[in-house]
Every structure is written in C-alpha cells, then in structure tokens.
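Student: One structure coming up, written as structure tokens, with questions to follow.
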Amino acid sequence: MKTHKDLQIWQKGISLVKTVYEATASYPQAEQFGLTSQMRRSAVSIPSNIAEGCGRNSNKELVQFLYIALGSSSELETQIIISNELGFLNKEKTDSILSMINEIIRMTSSLIQSIKTRTKD
C-alpha cells in the first residue's frame, strides 16, 4: 500500500524544507525568532499538511489539507521575496527556492483538481 512518502509532491516538499533550513542558517541572529522561524515553519507546514491529508478518511479532508499546503506555499513565497529584499538571500538562491515553491504549487493545484474531478463521478 502506498503512503504519502511515495508521493512526489511530498518528497519535493521535504527537499524544500531542507533547502529553506540551509538558506536560513546564515540569517542574522536577530532574525532567529522572526523571519527565520516563520520561514522554517511555513516550509515544514507544506509536506506536513500533505501527509496529514493523506492520513485522513476522505478525499474532502485530503483536499482541505492540500489547500492548507497551498497557503503555506504562498506564505513561504512571500517570505523568500522579503528575504531577498532585505539582502538575506541573493538573487540566485531566491530564484532557485521560488522555482521549487512554484513547482509544488502547480503540483498541489493539479492534485486538488484531479481529486475533485474523480470525486464528482
């Protein structure tokens, strides 16, 4: 039987978490309880909500948690842009992380649409 760990979207979410942790490791100490913490929580929320949704009993609940993952993705996207504007992330790293987030957003949106289409039958 397959689990959330078999989903490519969850695996990409885990990769994103690692990338965000690595990127924020060099943030100023003053940001440890501010932007650094918020970014890490947003990143962790993405694969966590995918996993939680997969562990629920219905497609309706799965879709609900996928929407939460989408919200966390958008939140993290904003925090990455802010980090770049503040000079904490260079353009190359910013673009790389934003690309990862956008791929996860596209995959999540597609999965939601697929589930909604299947459950209408």
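Student: Using Cα pairs under 8 angstrom and six or more residues apart, how large is the relative contact order of the chain, in percent? Present the calculation step by step, with values, prior to reporting the outcome.
Tutor: Values: 107 pairs, mean separation 33.4, N = 121.
Reported as a whole number, the value is 28 percent.
Student: Let me ask another. Need one number: convex hull volume per residue for the chain, Cα atoms only, in Å³. Don't jump to the answer; show the numbers that get you there.
Tutor: Numbers: hull volume 11.3 nm³, N = 121.
Per-residue hull volume (Cα only) is 93 Å³.
Student: Additional query: So which trypsin sites (Lys or Arg not before Pro) in region 1-85 pass both tests, a DSSP loop state and at most 12 other Cβ atoms within 10 Å of the Cβ? Before the final figure, lay out each step's value.
Tutor: On the way: sites: 2, 5, 12, 18, 40, 41, 56, 60; in loops: 2, 56.
Of the trypsin sites (Lys or Arg not before Pro), the ones in loops of region 1-85 whose Cβ has at most 12 other Cβ atoms within 10 Å are 2.
Student: Choose one answer from 72, 42, 83: the residue with the largest mean-square fluctuation in a GNM of the chain with alpha-carbon springs under 10 Å.
Tutor: So, out of 72, 42, 83, the one fluctuating most is 83.
Student: In addition: Run the dipole for the chain about the Cα centre, Lys and Arg Cβ at +1, Asp and Glu Cβ at -1, nothing else charged, and hand back the magnitude in debye, nearest 20.
Tutor: Numbers: 14 positive and 12 negative charges, 101 e Å.
Taking the Cα centre of the chain as origin, the dipole is about 480 debye.
Student: Another one. Tally Lys/Arg at +1 and Asp/Glu at -1 over every other residue whose Cβ is under 13 Å from the Cβ of residue 34; what's the total? Can you show the working numbers first?
Tutor: Numbers: positive: 40, 41; negative: 31.
Taking every other residue near residue 34 into account, the sum is +1.
Student: Further question on the same structure: For residue 50, what charge total do you get from the other residues with a beta carbon under 12 Å from its beta carbon, if Lys and Arg give +1 and Asp and Glu give -1? Please report the intermediate quantities before stating the final value.
Tutor: On the way: positive: 5, 12, 56; negative: 6, 52.
Computed value for this residue: +1.
Student: Under a Cβ-Cβ cut-off of 15 Å, what is the net charge of the residues other than residue 106 that fall near it, where Lys and Arg count +1 and Asp and Glu count -1?
Tutor: Values: positive: 12; negative: 77, 103.
Neighbourhood net charge equals -1.
Student: Where does the chain land at 222 nm, in deg cm²/dmol rounded to the nearest 500, when only DSSP H runs of n ≥ 4 count, each adding -39500 (n - 2.57), divided by all residues?
Tutor: Values: 4 runs with 94 residues, N = 121.
About -27500 deg cm²/dmol.
No value in this document is a laboratory result; all are computed from the given coordinates. Predicted model only: the values in this text are computed from it and were never measured. Cβ atoms come from the backbone with ideal geometry, glycine included; neighbour counts cover every protein chain shown.
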